[in-house]
Ligand SMILES: Cc1ncc(COP(=O)(O)O)c(C=O)c1O
């Protein structure tokens, strides 16, 4: 069980005061906060070990050690078979652009790829841009508008022998809808030899990832979404790292996985990543287990607590007839969604809502969140998208209550009650 007070004590950002107010962070889907231990690890690395790889002196060796350990930690987070299946980069978007350039070298005119309307466009545009260059046909899977889940029938109808790639979000950063990736990969494999590229950026702080169980070819996440620093973390099955060719500078060593990590990497972020993953593991509150085992237990605790937050939010939001919630609203289906909620208020632009809350230091977002396909399909582009409220395991029921007190004040001000 999550002890939220113990968790919150570890995050300086959660304990700050702005204008005499303790801010409320409901912007988890946009980015989480790092714990003090993560900050210490970053400062620790930069204070003593900052160096490049391959040197004949201590800090270079320490840097190599940091990178090895970070790869091991990421391997455990993803349940990869081998740490060398992990590649680091600036962020998820940059890594996806890198992979789209590498994978498209294997495409031929007339091939087909599939993206989805549920996705953040960091997992759409890189593929579409390369497809256009290569004369490859792009299909986009629709969303079921009633509950903002992926339309599996549509997906199934799009897969065929010419399909080369399926790029799909594990969970929507707008509605929190979780995609059954295991089932999607099965559909893909039953009808094609296509590769799967999974965006796990939104799901990573909420649900255990298991690339072996998913049987996906690629999976990417971003550490700043799960209490770490800004760092992209990409998994690929080892055969893909070996067979594909990266764009690299000629003198750089041609060894995996380093040949995919162009330029000087963010080693301090890798130092922070390890600690962030161990922080998640610490939520299991057990001793003497492997890191992976701790993560398995920890994510169960996270889900249990986040479901509690979701139940409170859903129960209260349903009482507002002027509010339309997009996505799964059924308590019985909480394991099909993350605690990320998007809604619109009749007659009000989303920005007006986020500005009102922002003035009270309740941090939430408005807009399209780069999930252009979904916002377009829901017909919300012209009206400014949606308001998004996203919880993390460090949020509290009292914060949700405060949200509703302020929502009432906002609606009263707008005379919408
Ligand atoms: C679901 C999802 N995918 C991808 C991204 C892009 O990640 P990054 O900022 O690491 O490029 C985001 C960022 O918000 C996201 O929410």
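What to note about this one:
- Boolean, residue 374 is more than 16 Å from the ligand (Cβ to nearest atom) and either assigned by TED's automatic domain parsing to the domain that holds residue 15 or assigned to a helix (DSSP H, G or I) (or both): no
- Qualifying helices (runs of 4 or more DSSP H) (wholly inside the stretch 1-105; at least 3 residues being in contact with a helix residue (DSSP H, G or I) (Cβ under 8 Å, 6 or more places away or on another chain)): 36-48, 58-78, 92-104
- Some residue of the stretch 307-320 being in a loop (DSSP other than H, G, I, E, B) and in contact (Cβ under 8 Å) with a residue 60 or more places away in the chain: yes
- Applying the criterion of being over 19 Å from residue 194 (Cβ atoms) and within 13 Å of the ligand (Cβ to nearest atom) to the residues of the stretch 208-227, the residue that is surrounded by the most Cβ atoms within 10 Å (Cβ to Cβ) is 223.
- Within the set 362, 387, 353, the sole residue that is more than 26 Å from residue 204 (Cβ to Cβ) and in contact (Cβ under 8 Å) with a residue 40 or more places away in the chain turns out to be 353.
- Looking across the stretch 80-125, the residues that are under 14 Å from residue 164 (Cβ atoms) and within 16 Å of the ligand (Cβ to nearest atom) come down to 99, 100, 115.
- Residue within the stretch 187-194 that is more than 17 Å from residue 79 (Cβ to Cβ) and within 12 Å of the ligand (Cβ to nearest atom) present: no
- Set side by side, the residues 399, 382, 355 differ, and just one is in a loop (DSSP other than H, G, I, E, B) and on the phi < 0 side of the Ramachandran plot, which is 382.
- Any chance residue 273 is part of a helix (DSSP H, G or I) and within 16 Å of the ligand (Cβ to nearest atom): yes
- Test: residue in the stretch 128-144 that is within 14 Å of the ligand (Cβ to nearest atom), assigned to a helix (DSSP H, G or I) and under 22 Å from the mean Cα position of the chain (by Cα): no
- From 366, 315, residue being surrounded by fewer than 22 Cβ atoms within 10 Å (Cβ to Cβ), closer than 24 Å to residue 145 by Cα and within 16 Å of the ligand (Cβ to nearest atom): 366
The values are calculated or read from the model by the stated rules, or taken from the named source; none is laboratory data. What you are looking at is a predicted structure, and each value in this text was computed from that prediction instead of being measured. When we count neighbours, we look across all protein chains shown, and the Cβ atoms used for this are built from the backbone with ideal geometry, even at glycine.
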